[in-house]
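**Student:** The structure under discussion is supplied below as structure tokens; questions concerning it will follow.
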């Protein structure tokens, strides 16, 4: 053991020895056992110790204990699962111990000041046994599928379908052997590129149930994900119908060969009857559960290769007479040479042949149903798909070559094929001229059946292919649709999200999709269905490729696919290729699919689902915003692009809704609006936790009320220092506030003289804003304030939006309003608020106080005091005539007479009705106040007192307030301004102002020039002002700090007279307007704060809502183009 010299500060202090026994469960933190000596303690005493300092004073710890003495946990995959909650210790718990979990709970608001237990003094890290998992709840290990069973079998059984046997002759006859092989290779290229993209997406994290819809939606978001859910579900319907029609055609041909006539006297009608019967049977099999379907799939998979080799072997066997008269020649160079090149007939061409053939390759996406059960999707998906594509490509190429080398194009079914001596090639039968040939590559689709070695084995293989492929599509479509319905992307679709049984089967979706499949089967023509299905899968493949390209393009750190052999540009080329092929195949069907796609995108654009999947849409939004911000930062903002970007010093925005509404009427979501909240609380564990919770609630509240503002809060010892922090740091780049908007400090006159610093702080905020080159606006709400948090607390109003959405007006029919408000209270408001109803987030006092305030009874003194406040004063006159108040004294029993029980009951009922009526009265007026700047005012008028040139902000703001989406939309502007000089003719000043306004293109009603601003105010006005400032005057011998002195009055005498005269003019001209906008006086440095507050208070007293505003002397208006 190596000793280290002890530092001097530790020589006299002995570090206590740890006595508790520490144990550990796997990789979990320590738990404290009883202080009884155990085997571990005995081993500890007999083991070699490690000394931290020296041999004398040492803290002895076993080497194996060093990683136990902490709440921190080693990295564990379980901590990153979505199903594990609170497994990892939170930061407050690491900072303050386990007790912080209780302190930060939903119901507790008491701060934790120490990480030790106040009673025992023991370290709270001792309670880490709370983290131990319940062994009984640990799920069993999941059984994973291999690449062969999970990917190869699913994809192969859906790629190798009836097309292999029924359309190889058609492809070889129409396109010829050469073009037929090219079609096969081109189809393989398309799905090969898609397989690369699909593997890249599947390897980027754990996939869940939902198949292709889940993969694409989580990559591209709900807009494109919802579209792919619709299109892919319809594509599966089409694919299932295609397979069913194929087997129906086969059964119809078998019956004809057996000598039976058409059941419905028409081949197409027979196909329809057989298709509906087959679809019904397969739907019942799907209802039986995935176990039966999986067993049948594995059984039929084993018959695929047997039936295929049965066909190939049959081509080498001797030709019978029946085969010869139907065009079979065996392997012949003359036959190969005749079928080597294309010979399109009718309306057929290479695109139609491709459209008929390509759906055979679309079954590749069937492997997505089991991708959530793969152990390593990054490897398994590529192994399974690449092997499947290679296998099926070889099988299809062999099929084209075999058909083209052994069967001629036309045969009449009666004569043997003959050689034309003139051309040395097969002679055309007479039926070619009148298109009456029944056999040959061009006319007879059952070439494989004609050539097979043993026909029953081929029929078994065809039935197996059809059943397994159709079952997959009948299963894949409903599963995809169910996943989309569970995400609630579309309205009224939750019905199909219901799950049945332990396997969560979508039985309702099964029935729905079976009906759709039957409807499509009524087409009865396989070729017509093929074009629709091909285009549906083409757009699906295009979206898969685009999803891979898009995820790579945004370069988000979360895009880390384990499969590295994809290329984003190859994926983009694949997406473009699929779109081009889609339009080449069928222009009409492509346009129809694009219309469906556009409608779904439009729906999601206007009804954005409330989901957060971390898709590329978010990444694009971030990148676009970042790049635009960087570009904007390097560009000087032109005056034509000026926008008022508002820093709103609002406090808690939920309790000051009118102030927020007024600012939002200016910005309208088109410019920056920051709701700044300064919190006067010490920054401790409790405060930070509640601050975070309040931020979450308020951001959600802003979103629900469609207020496009950013909430930001800061803890500060004073309001001014907090405001200064916002003035210096709010915004980023050019997206930075340029206008400070603040509510008028209505209670400045009630501030005690010894706390005059509060007034200085308020005025200091205005000075700081001007010094920071901000424009400044002060909004006064008549004689009322903006803060309604106490009224809301008294009303026990848990849902602020009940009042915000009321949008009431003073309707004479008050009974309807009362019934509506009563119903709101009875229903409990909006049930969708979630966390907002758990906290009275609109009250700082409720959120941050150590002792939760008691919510007062509606009948207490607080409510009675509120009833006489300005909030309810205007309503009392109306309610006095409609409400019958029963005095309490009349309800009290007397000593001489025992009251009748019926009378007492009636009296109690009257009191309850009186209380409820009074409560509703107050709630009605509160709703009216909250909507003061939200409710549109018709035929309104804004009086603009543009007294001094500030750059035009005083004129621009009222112009913005009269534009659409404002409560003063369409209001008339009246402009008041000062005369340029006493000697100037009034008409000339007015004409100059009108000319300037017209150049600014600002609509106005009239212009009035004020020429008597220098007139002395009336004596009554001066007397009233002196009464206002009297409490703030410094008395003789009193400290003059912050108070108004005679020197202050003398220095500001002229400016004071001008403010008093302005008050008289405002009352004379603008008392009946809906809003007054006036130039804000400058709070010069060194000016007394109380005197300045008296100016703006007296100037705007007893007037409508008034906005005092001044720009930063920089032009915000321009008349140049």
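The values are calculated or read from the model by the stated rules, or taken from the named source; none is laboratory data. Everything numeric here is computed off the predicted structure, so don't read it as measured data. Ideal geometry is used to build each Cβ from the backbone, glycine not excepted, and the neighbour counts take in all protein chains shown.
**Student:** Among the residues of region 961-982, is any assigned to a helix (DSSP H, G or I), within 54 Å of the chain's Cα centre (by Cα) and surrounded by 12 or more Cβ atoms within 10 Å (Cβ to Cβ)?
**Tutor:** Step one: of region 961-982, the residues assigned to a helix (DSSP H, G or I) are 961.
Still in the list and also within 54 Å of the chain's Cα centre (by Cα): 961.
Going one step further and asking which of them are surrounded by 12 or more Cβ atoms within 10 Å (Cβ to Cβ), we end up with 961.
Yes, region 961-982 has at least one match.
**Student:** Free of Cβ contacts under 8 Å to residues at least 40 places away in the same chain, within 20 Å of residue 520 (Cβ to Cβ) and touching a helix residue (DSSP H, G or I) at 6+ places or on another chain (Cβ under 9 Å): is that true of residue 252 in this structure?
**Tutor:** Answer is yes for this residue.
**Student:** While we're looking at this one, here's another question. Return the residue satisfying two criteria in turn: it lies in region 415-448 and is over 15 Å from residue 170 (Cβ atoms) and touching a helix residue (DSSP H, G or I) at 6+ places or on another chain (Cβ under 6 Å), and of such residues it is surrounded by the most Cβ atoms within 10 Å (Cβ to Cβ).
**Tutor:** Taking region 415-448 as the starting set, the residues that turn out to be over 15 Å from residue 170 (Cβ atoms) are 415-436.
Checking which are touching a helix residue (DSSP H, G or I) at 6+ places or on another chain (Cβ under 6 Å) leaves us with 416, 425-426.
Details: 416: 10, 425: 13, 426: 22.
Of everything passing the filter in region 415-448, 426 is surrounded by the most Cβ atoms within 10 Å (Cβ to Cβ).
**Student:** Could you pull out the residue among 528, 509 that is in the same structural domain as residue 369 (by TED's automatic domain parsing) and modelled with pLDDT of 80 or more? So that I can check it myself, show each step before the final result.
**Tutor:** Details: 528 fails: modelled with pLDDT of 80 or more.
The unique qualifying residue is 509.
**Student:** Out of 581, 596, 585, I need the residue that is more than 23 Å from residue 226 (Cβ to Cβ), at pLDDT below 85 and more than 17 Å from the chain's Cα centre (by Cα). Which one?
**Tutor:** Working: 581 fails: at pLDDT below 85; 596 fails: more than 23 Å from residue 226 (Cβ to Cβ).
Answer to the selection: 585.
**Student:** Another question about this same structure. Sort out which residues of region 330-350 are over 17 Å from residue 449 (Cβ atoms) and more than 58 Å from the chain's Cα centre (by Cα), and write them in order of number. Outline the logic, then answer.
**Tutor:** Step one: filter region 330-350 for residues over 17 Å from residue 449 (Cβ atoms), giving 331-350.
Those that are over 17 Å from residue 449 (Cβ atoms) and more than 58 Å from the chain's Cα centre (by Cα): 331, 332, 333, 334, 335, 336, 337, 338.
**Student:** A further question follows. Looking at region 319-347, which of the residues that are free of Cβ contacts under 8 Å to residues at least 12 places away in the same chain and assigned to a loop (DSSP other than H, G, I, E, B) is surrounded by the fewest Cβ atoms within 10 Å (Cβ to Cβ)?
**Tutor:** 347
**Student:** Which residue out of 692, 671 is surrounded by fewer than 23 Cβ atoms within 10 Å (Cβ to Cβ), under 24 Å from the mean Cα position of the chain (by Cα) and in a helix (DSSP H, G or I)?
**Tutor:** Working: 671 fails: in a helix (DSSP H, G or I).
When all the criteria are applied, what remains is 692.
**Student:** A follow-up question, please. Working only within region 1083-1121, note down all residues that are over 45 Å from the mean Cα position of the chain (by Cα), part of a loop (DSSP other than H, G, I, E, B), surrounded by fewer than 23 Cβ atoms within 10 Å (Cβ to Cβ) and in contact (Cβ under 8 Å) with a residue 24 or more places away in the chain.
**Tutor:** Hits for region 1083-1121 are 1085, 1087, 1101, 1102.
**Student:** Another question about this same structure. Quick check: anything in region 387-407 at pLDDT below 90 and out of contact with any strand residue (DSSP E or B) (no Cβ under 6 Å at 6 or more places or on another chain)?
**Tutor:** Here is the first cut: in region 387-407, the ones at pLDDT below 90 are none.
Within region 387-407 (the criterion being at pLDDT below 90 and out of contact with any strand residue (DSSP E or B) (no Cβ under 6 Å at 6 or more places or on another chain)), the answer is no, since none of the residues qualifies.
**Student:** Exactly one condition in (1) surrounded by fewer than 17 Cβ atoms within 10 Å (Cβ to Cβ); (2) farther than 22 Å from residue 665 by Cα is false for residue 716; which is it?
**Tutor:** Of (1) surrounded by fewer than 17 Cβ atoms within 10 Å (Cβ to Cβ); (2) farther than 22 Å from residue 665 by Cα, only one is false for residue 716: (1).
**Student:** Scan 259, 246, 205, 226 and give me the residue that is over 27 Å from residue 384 (Cβ atoms), at pLDDT below 80 and either in contact with a helix residue (DSSP H, G or I) (Cβ under 9 Å, 6 or more places away or on another chain) or buried (at least 24 other Cβ atoms within 10 Å of the Cβ) (or both).
**Tutor:** Details: 259 fails: either in contact with a helix residue (DSSP H, G or I) (Cβ under 9 Å, 6 or more places away or on another chain) or buried (at least 24 other Cβ atoms within 10 Å of the Cβ) (or both); 246 fails: over 27 Å from residue 384 (Cβ atoms); 205 fails: over 27 Å from residue 384 (Cβ atoms).
None of the other options fit; the residue is 226.
**Student:** Which of the residues spanning region 937-960 are over 22 Å from residue 1010 (Cβ atoms) and not in a helix (DSSP H, G or I)?
**Tutor:** Filtering region 937-960 for residues over 22 Å from residue 1010 (Cβ atoms) gives 937-940, 960.
Answer for region 937-960, where residues must be over 22 Å from residue 1010 (Cβ atoms) and not in a helix (DSSP H, G or I): 937, 938, 939, 940.
**Student:** Tell me, yes or no, whether region 411-424 has at least one residue that is part of a helix (DSSP H, G or I), over 23 Å from residue 297 (Cβ atoms) and in contact with a strand residue (DSSP E or B) (Cβ under 9 Å, 6 or more places away or on another chain). Don't jump to the end; show me each part of the working.
**Tutor:** First, pick out the residues of region 411-424 that are part of a helix (DSSP H, G or I): none.
No, there is no match, as no residue in region 411-424 is part of a helix (DSSP H, G or I), over 23 Å from residue 297 (Cβ atoms) and in contact with a strand residue (DSSP E or B) (Cβ under 9 Å, 6 or more places away or on another chain).
**Student:** With (1) out of contact with any helix residue (DSSP H, G or I) (no Cβ under 8 Å at 6 or more places or on another chain); (2) outside any helix (DSSP H, G or I) as the list, and residue 776 as the residue in question, which single condition is left unmet?
**Tutor:** (1)
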